[in-house]
4 protein chains.
Amino acid sequence: MSAAARPPVMSVAAVEAFLAAEFPQLRHGGRSVTVESVGPLTARLRLHVDERHLRPGGTVSGPSLFMLADVGLYVAILAQIGPVALAVTTNLNINFLRKPPPGDVIAEIRLLKLGKRLAVGEATLFADGDDAPVAHAVGTYSIPPQNTVL
Amino acid sequence: MSAAARPPVMSVAAVEAFLAAEFPQLRHGGRSVTVESVGPLTARLRLHVDERHLRPGGTVSGPSLFMLADVGLYVAILAQIGPVALAVTTNLNINFLRKPPPGDVIAEIRLLKLGKRLAVGEATLFADGDDAPVAHAVGTYSIPPQNTVL
Amino acid sequence: MSAAARPPVMSVAAVEAFLAAEFPQLRHGGRSVTVESVGPLTARLRLHVDERHLRPGGTVSGPSLFMLADVGLYVAILAQIGPVALAVTTNLNINFLRKPPPGDVIAEIRLLKLGKRLAVGEATLFADGDDAPVAHAVGTYSIPPQNTVL
Amino acid sequence: MSAAARPPVMSVAAVEAFLAAEFPQLRHGGRSVTVESVGPLTARLRLHVDERHLRPGGTVSGPSLFMLADVGLYVAILAQIGPVALAVTTNLNINFLRKPPPGDVIAEIRLLKLGKRLAVGEATLFADGDDAPVAHAVGTYSIPPQNTVL
């Protein structure tokens, strides 16, 4: 991993601008996910929880947690390799560990592999301010041949 | 599985009524998922795709497919055991196989195990009218002690 | 999937000969896995269970079931595309459903996708003669560029 | 997790003695897996690789890596709760990241949840002396009602 653990080629601002242009639905009904930081093979995102993300009982819904993990892994790959090709989710395995309270959720992302064709990473999700994870996901992304700059 | 493969104890109408009462957000912004049939350890659901479920390029988003698989597995368990306790998703593994076109998505659900504490099932997702699966998911659900009728 | 669901290009005998040459450890300590049939995107294998595969209590061990699922998925891909390139397991998700009794285990394999770069399939494992699955696995395989005949 | 992150109740020696008595096949053909340390919700194990674990080309086989991750997660749970009940693997998802060279493999285990009925943990596997993971697994274990001391 040493070769790959270089600083990301995109800044937080560049990643946010790319997401806003390419994935407008992430802000459907208002701002929802923000990128807090990117680093070598890592990223940190925040889900700004509102009623769209809640289930009865006040807990954050499974699809919202899935979306946060998936976007987070995508962001970590994007920041590292740049917008040269769109990574595509091929597999995502998520474990729901505890019911999150009805507040923001933080995703800590760590890429385990960043190859030419496949990237694999893990997302650990926390309720903001709590250190017991509410969910954990591992995802695989297919990276198309990088001959086109988007 | 022979012992468990009895007819479901809830009808489609009863399942739909239960979902409408307990998961009003499934209809957030209009009707989205409908149950087409339930059978012994099986169910079939439809995602009525509209712009909320689409990604740029016109394909159905990953979180929408995740939600359909998760709701479908939940429905198959619910129909089989009745509303005596709320099953909770503990794990879901999803493989994205092909980009679905921008139309309705069908989920065919099959439970592989329905134990006292855990249920496991698979969801195969198809674009309506096509027989090549667009996604496949396997989920595990924890079933609480069944001493309370909801 | 229609385009891919052609008859396999390798026979059972050809697959068995390939495995014997390339994976001699499958027969370490005596014959262990046999291929019973191959078909369009399908295969059926048998684990001949002996004491190497058993755990205390007489049940078949998890690693033995994992191996059977993994070999079975590999065989289904191999039979379909031929020995032009070695598929490599990138992800395998396995659910253990029931304790298998100490006898042979059958794997029914079904490929869900057979693309140029990735193949995805499921393996349902049964105790021989019983129709309740003991385990279920979904695996992803990376297919290298097919420019070399082995 | 704070409540659960207590020191383990079993020492490395106690865990090793328990495994030797309950899982004699781990030493089938000679010593294979050793526990190097246990800590609060963590463990570290070593696979002493010999020809039983190798595939052609000299890489460690998938079933051997699966077995190491599974035993490691089992050990971390066992050390934390003691031999009051046998945890049973219900799900294991493994990603193969790089081909390991033909030497020992280290498993670093971290439990993400240790509930009364379910435990979830991750195993990161490294070739001894290298810091790029060769595989990563997440497993779920069912913990039976703890009314019996084994």
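The values are calculated or read from the model by the stated rules, or taken from the named source; none is laboratory data. Owing to the predicted nature of the structure, the values given are computational and were not obtained by experimental measurement. Counting neighbours? That spans all protein chains shown, and the Cβs are built from the backbone with ideal geometry, glycine included. Accessible surface is based on the protein model in full, side chains and every heavy atom, while ligands, DNA and RNA are left aside. Shrake-Rupley method; radii C 1.70, N 1.55, O 1.52, S 1.80 Å.
Before moving on, here are some points about what is shown:
- Subset of the stretch C:55-81 that is more than 21 Å from C:His136 (Cβ to Cβ) and within 14 Å of chain D (Cβ to nearest Cβ) - its residue that is nearest to the chain's Cα centre (by Cα): C:Gly58
- Residues of the stretch B:87-109 that are touching a helix residue (DSSP H, G or I) at 6+ places or on another chain (Cβ under 8 Å), within 22 Å of B:Ile143 (Cβ to Cβ) and aliphatic (A, V, I, L, M): B:Ala87, B:Leu92, B:Ile94, B:Ala107, B:Ile109.
- Total residues in the stretch A:47-68, condition outside any helix (DSSP H, G or I) and farther than 20 Å from A:Asn93 by Cα: 9
- Among (1) at pLDDT 85 or above; (2) in contact with a strand residue (DSSP E or B) (Cβ under 8 Å, 6 or more places away or on another chain) - the single one B:Met1 does not satisfy: (1)
- Hey, B:Val71 touching a residue at least 40 places away in the same chain (Cβ under 8 Å), open to solvent by 10 Å² or more (accessible area, probe 1.4 Å) and assigned to a loop (DSSP other than H, G, I, E, B) or not: no
- Taking every residue in the stretch B:128-146 that is within 14 Å of chain C (Cβ to nearest Cβ) and free of Cβ contacts under 8 Å to residues at least 40 places away in the same chain and pairing it with any residue that is open to solvent by less than 10 Å² (accessible area, probe 1.4 Å) and hydrophobic (A, V, I, L, M, F, W, C), at least 6 positions away or on another chain, the pairs with Cβ-Cβ distances below 7 Å are B:Pro133/B:Leu97; B:Pro133/B:Leu125; B:Pro133/C:Leu112.
- Filter result (under 13 Å from the mean Cα position of the chain (by Cα) and open to solvent by 10 Å² or more (accessible area, probe 1.4 Å)) within the stretch B:42-54: B:Thr42, B:Arg44, B:Arg46
- Considering (1) at the interface with another protein chain (Cβ under 10 Å from one of its Cβ atoms); (2) within 24 Å of C:Asp70 (Cα to Cα); (3) touching a Ser or Thr at 6+ places or on another chain (Cβ under 8 Å), the lone condition that D:Thr124 does not fulfil carries the number (3).
- There is no residue in the stretch A:79-86 that is at pLDDT 95 or above and farther than 25 Å from A:Leu118 by Cβ.
- Residues that are on the phi < 0 side of the Ramachandran plot and modelled with pLDDT of 95 or more within the stretch B:16-44 comprise B:Val35, B:Glu36, B:Ser37, B:Val38, B:Gly39, B:Pro40, B:Thr42, B:Ala43, B:Arg44, listed in sequence order.
- Of residues in the stretch A:112-121 being of a type outside the set (Val, Ile, Thr) and out of contact with any Asp or Glu (no Cβ under 8 Å at 6 or more places or on another chain), the one nearest to the other protein chains (Cβ to nearest Cβ): A:Lys113
- Scope the stretch B:82-110; condition open to solvent by 40 Å² or more (accessible area, probe 1.4 Å), more than 9 Å from every other protein chain (Cβ to nearest Cβ), closer than 20 Å to B:Arg46 by Cα and assigned to a loop (DSSP other than H, G, I, E, B); matching residues: B:Pro101, B:Pro102, B:Asp104
- Failed item, numbered, when A:Arg98 is tested on (1) modelled with pLDDT under 85; (2) of a type outside the set (Gly, Ala, Ser); (3) more than 15 Å from the chain's Cα centre (by Cα): (1)
- Search result, residues across the stretch A:30-54 that are in contact (Cβ under 8 Å) with a residue 24 or more places away in the chain and at the interface with another protein chain (Cβ under 8 Å from one of its Cβ atoms): A:Leu54
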